[in-house]
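Peer 1: Sharing a structure with you now.
We did not get these values from a lab; they are worked out from the coordinates using the rules stated. Every value quoted in this text rests on a predicted model; they were computed, and no experiment measured them. Using ideal geometry, Cβ is built from the backbone for each residue, glycine included, and neighbour counts are taken over all protein chains shown.
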Ligand code: SF4
């Protein structure tokens with residue numbers, strides 16, 4: 001591998017493109033005023049994408065590199081959703097009214113742990129604060145180990161039209177396997 005590529009990507013804090021500003025750009029120099037200015041400066045003729053991180057899982061995968069916490073009870077989720085609604089209100093006050101939304105993504109963590117009723121309430125809250133396009137792509141990440149038929153029905157009823165399931169293939173290599181495949 002070229003050392004120039006290693007140099008370019010050696011920052012131990014990779015940019016998570018679902019977060020803005022991306023991780024390497026977070027610092028004490030970025031404050032509330034900057035955030036307010038960026039939100040107020042969103043182009044009037046463009047729609048936006050919204051990302052919601054639900055940082056909870058029922059168990060920890062040993063390869064996990066995502067911001068999440070293992071919880072057994074739903075109390076932390078409910079507390080988190082209350083704060084999330086406050087944040088949604090604050091952000092919606094800073095952007096122009098009726099900001100069009102073309103994409104919504106629920107990531108995690110395990111976003112469907114919030115449960116059918118809470119997901120419905122969250123979607124209703126979002127639709128009150130932003131102008132969803134009729135063709136908005138609404139996506140959710142799914143962990144099949146904890147996904148339920150009730151949650152599937154609720155997501156469909158809430159307009160979710162895309163689901164993603166992450167797969168990791170972990171293949172141990174022994175000395176004899178290290179040559180290039182033919
Ligand atoms: S389900 Fe995803 S976010 Fe949760 S521990 Fe496993 S890899 Fe991490």
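Peer 1: Distances over 17 Å make up what percent of all Cα-Cα pairs in region 112-156? Write down the numbers at each step before the final one.
Peer 2: Details: 349 of 990 pairs.
It works out to 35 percent of all Cα pairs.
Peer 1: Using Cα pairs under 8 angstrom and six or more residues apart, how large is the relative contact order of region 3-166, in percent?
Peer 2: Details: 199 pairs, mean separation 35.7, N = 164.
Once divided by the residue count of region 3-166, the mean separation gives 22 percent.
Peer 1: At a 10 Å Cβ-Cβ cut-off, how would you order 33, 25, 103, fewest neighbours first? All intermediate terms of the calculation are to be shown ahead of the outcome.
Peer 2: Details: 33 8, 25 12, 103 16.
Fewest-to-most ranking of 33, 25, 103: 33, 25, 103.
Peer 1: What is the percent of Cα-Cα separations in region 3-166 that go past 22 Å?
Peer 2: On the way: 6641 of 13366 pairs.
That fraction is 50 percent.
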